[in-house]
Amino acid sequence: MNTLGVIAGREMRLALRNRSIVITALIFSVWFPVMSALGIAAGAGGDAAAVAGAIAAIILPVGVFMGYLFCADAFLREKRDGTIETLLCAPVSLHGLWEGKALGVAVPAYLTTLLSAAVTIAAVSTLSGTPVAAEPLLLLHIAAVVPVWIAAAAGLIGAAQLALGMRENQILGFIFIFGFIFLIAGLQGIVSGGPGISVMTEAVLAAVGIGLLALARVIAGKVTKERIVRTIP
């Protein structure tokens, strides 16, 4: 098994063993969609495209938040307990360590987001009487756009958490998550071709997500082991 798979597998196992994170993620992934479904069903008026667009607008911020939620355990845990120094001595590059941990965060975050998407679609379809599960653009959004943004969120937040001290991370964590959500809302409002989901919106969201993921790789590549050691409390 390659190094990336080993690191990612370890992070996924640790994430699934953290009951507080898992329970929080499950509660949010079910509670938030159900609450949102009431507004979507009332405002869509039975238009399948409008319903699909509203669901897509909800799922993407949920995915980003899930990436942030699992990041808090993956990247800061070793700094809090002091084991990050041992990991830095392992025969793996810092960039490889970041990639494995980001992947290990993104997978459970995406799986939880899929659960949230299923709950949202089921709740909205039941309340509005509008079947949207087979909308091709909505399926594309869930299968392609959402995981890219989750990976970008995990990568950017993870790189910042490696490079910054504990106090700075407490502040910047909220800035990152709200910055992502405002960026998503802004893009959806600017490029949307109407009240529903559109090819142009999905294309722009995918392009921006890929750009953010590339930015995360660049930032992670500039972090040094010496920098990380200086930020250990």
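The values are calculated or read from the model by the stated rules, or taken from the named source; none is laboratory data. It should be emphasised that the depicted structure is a prediction, and the values quoted were computed from it without experimental measurement. Counting neighbours? That spans all protein chains shown, and the Cβs are built from the backbone with ideal geometry, glycine included.
Take the conditions outside any helix (DSSP H, G or I) and either out of contact with any strand residue (DSSP E or B) (no Cβ under 8 Å at 6 or more places or on another chain) or of a type outside the set (D, E, K, R) (or both) and apply them to Val92. Does it pass? In short, yes. Cβ separations smaller than 9 Å between residues 6+ apart or across chains give no pair from the stretch 147-166 residues that are within 20 Å of Tyr110 (Cβ to Cβ) to residues that are outside any helix (DSSP H, G or I) and among the charged types (D, E, K, R). Residues of the stretch 63-89 that are touching a Lys or Arg at 6+ places or on another chain (Cβ under 7 Å) and part of a helix (DSSP H, G or I): Ala74, Leu88.
Restricting attention to the stretch 113-128, and to residues there that are surrounded by 24 or more Cβ atoms within 10 Å (Cβ to Cβ) and of a type outside the set (A, V, I, L, M, F, W, C), which single residue is modelled with the highest pLDDT? Among residues in the stretch 113-128 that are surrounded by 24 or more Cβ atoms within 10 Å (Cβ to Cβ) and of a type outside the set (A, V, I, L, M, F, W, C), the one modelled with the highest pLDDT is Thr113. Of the set (1) surrounded by fewer than 17 Cβ atoms within 10 Å (Cβ to Cβ); (2) at pLDDT 85 or above, all apply to Gly194 but (2). Evaluating Gly96 against the criteria (1) surrounded by fewer than 21 Cβ atoms within 10 Å (Cβ to Cβ); (2) modelled with pLDDT of 80 or more; (3) farther than 18 Å from Glu11 by Cα leaves one unmet condition, (3). Among the residues of the stretch 168-188, the one identified as at pLDDT below 70 and loosely packed, with under 13 Cβ neighbours inside 10 Å is Gln170.
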